[in-house]
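**Q** I have a structure I would like to understand better, so I am pasting it below and will then ask my questions one at a time.
The values are calculated or read from the model by the stated rules, or taken from the named source; none is laboratory data. Fair warning: this is a prediction, and the values are worked out from it, not measured in the lab. Here the Cβ positions follow ideal geometry from the backbone for every residue, glycine too, while neighbour counts run over all protein chains shown.
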Amino acid sequence: MFKKMIDRKYSGLEDRLKIDCEKCSGLCCVALYCMKTDGFPANKEAGVPCQYLRTNFRCDIHAKLGSKNMRGCLAYDCFGAGQKVTQNCFPKVDWKSSPNLANGIFLVFQIVFQLHQMEWYLLEALSLTPDEHLKTDIESLISENERMTSLPSDEILHLNIEDYRSDVNRILKQLSEMITVSSDKKNRKDYFGHNFKHANLDRKDFSMALLIAANFEGCSLHGANFLGADMRDTNIKNTDLSSSVFLTQMQINSAKGNANTKLPYRISRPISWQEK
Ligand code: SF4
Ligand code: SF4
C-alpha cells in the first residue's frame, strides 16, 4: 500500500506545488509575520519586507542562512503559492511597485498557500487509498482546488475555504485511520525529545504529534503517518522515510538529516544537510 506514485495525469499538479523562488516577488519575506525566536532575522509584522530582501526580490544573505542559523527561513516552503500568485494571479503588478494592491496580494498569497497545502495532502491521499469511493471523493476535491486557485484574484479573495477544509480534513482522517495502527491507548502526541532509536514504527500514527528533537535515527518507518507533526530538530539521520506518509518539505527542512536519510520522492534534500 505504501509504494506511492501519483497517477501521471496529476504529475503536473505535483510540479506546481514545488517552490520556484526565481519566479516569485519574495512574498514570504514580506507577507508573513516573523519572530526572531523562530529563526528569522528579526521580529516583523506581516506586510513589512524583511531587512534582507533586495529590490530584485532575492535574499541578500541567502548563502549565509545556515551559518547565521536562520532556521525559519531555511525551513519555510510555500507549496508553490509564491510563484503562482506572482505569475498567475497578479501577472502585471507586484507589491512593491503597486503598494495600493499589496494587502490584496498578500491575502491572496495566504489563501493560495492554504489551498496548495491541502492539495499536497490530497495528491498523496490519492496515491494511498485502497478504496474506490474515497478515490472519487479525493479526485473531486482536487478538481475543486484547481478551480478555486484558477479564479481571478478578486474572487480568490472572497473565497470561504472553511467548508472545503472540513471536507479535506474528513478525508485525511478517514484515510489515516485506514492506513495506520494505534497501539497507544492514550493516543499520545507529545514525544518531545523522545528517543526511538532503531525502533520498529511501521504504520505508527504520529499525526499532529510534537516530535521536536525526538530521535528517529535508524528507525523503521514504513507507512508511518507524519500528518501535521512538528518536526523541528527531529533527528532523522540514517533513517529511511521514503515510504512514510503525509510528510511535507517544510517538516523535512526543519528536521536534522544527513546524506543517508532517504526521503519520499516528492521531497527534496535540504541544502543545509550537505554541511553535516
Ligand atoms: S513565497 Fe515561496 S516561491 Fe516565493 S520566495 Fe517564498 S518560498 Fe520562494
Ligand atoms: S533573511 Fe532572506 S529568506 Fe529570510 S526572510 Fe529575510 S529575505 Fe527572506
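**Q** If you take the residues of the stretch 76-116 that are in contact with a Cys (Cβ under 9 Å, 6 or more places away or on another chain), in a helix (DSSP H, G or I) and among the hydrophobic types (A, V, I, L, M, F, W, C), which of them is surrounded by the fewest Cβ atoms within 10 Å (Cβ to Cβ)?
**A** F113
**Q** Then there's this: Among the candidates Y76, Y52, single out the residue that is within 10 Å of ligand 2 (Cβ to nearest atom), within 22 Å of Q251 (Cα to Cα) and either over 21 Å from the mean Cα position of the chain (by Cα) or not small (G, A, S) (or both).
**A** Y76
**Q** Here is a list: K92, K18, K23, K64. Which entry is over 19 Å from T149 (Cβ atoms), among the basic types (K, R) and more than 8 Å from ligand 2 (Cβ to nearest atom)?
**A** On inspection, the qualifying residue turns out to be K64.
**Q** Could you pull out the residue among A229, A255 that is under 24 Å from E177 (Cβ atoms), buried (at least 22 other Cβ atoms within 10 Å of the Cβ) and hydrophobic (A, V, I, L, M, F, W, C)?
**A** Of A229, A255, the one residue that is under 24 Å from E177 (Cβ atoms), buried (at least 22 other Cβ atoms within 10 Å of the Cβ) and hydrophobic (A, V, I, L, M, F, W, C) is A229.
**Q** Only one of (1) crowded, with 18+ Cβ neighbours inside 10 Å; (2) touching a residue at least 24 places away in the same chain (Cβ under 8 Å) is not met by L247, so which one is it?
**A** All conditions are met except number (2).
**Q** Considering the stretch 35-80 alone, what residues qualify as being without any contact (Cβ under 8 Å) to a residue 60 or more places away in the chain and of a type in the set (F, W, Y)?
**A** Answer for the stretch 35-80, where residues must be without any contact (Cβ under 8 Å) to a residue 60 or more places away in the chain and of a type in the set (F, W, Y): F40, Y52, F57.
**Q** Would you call E146 under 20 Å from E119 (Cβ atoms) and either part of a helix (DSSP H, G or I) or assigned by TED's automatic domain parsing to the domain that holds A255 (or both)? Reasoning before the result, please.
**A** Working: under 20 Å from E119 (Cβ atoms): yes; either part of a helix (DSSP H, G or I) or assigned by TED's automatic domain parsing to the domain that holds A255 (or both): yes.
It is true that E146 is under 20 Å from E119 (Cβ atoms) and either part of a helix (DSSP H, G or I) or assigned by TED's automatic domain parsing to the domain that holds A255 (or both).
**Q** Hey, another quick one. Could you go through the stretch 110-118 and let me know if any residue there is without any contact (Cβ under 8 Å) to a residue 40 or more places away in the chain and more than 15 Å from the chain's Cα centre (by Cα).
**A** Looking through the stretch 110-118, none of the residues is without any contact (Cβ under 8 Å) to a residue 40 or more places away in the chain and more than 15 Å from the chain's Cα centre (by Cα).
**Q** Got a sec? Which of G39, G47, G26 is under 20 Å from Q114 (Cβ atoms), surrounded by fewer than 20 Cβ atoms within 10 Å (Cβ to Cβ) and not charged (D, E, K, R)? Write out each step before concluding.
**A** Working: G39 fails: under 20 Å from Q114 (Cβ atoms); G26 fails: surrounded by fewer than 20 Cβ atoms within 10 Å (Cβ to Cβ).
Checking each option against the conditions leaves just G47.
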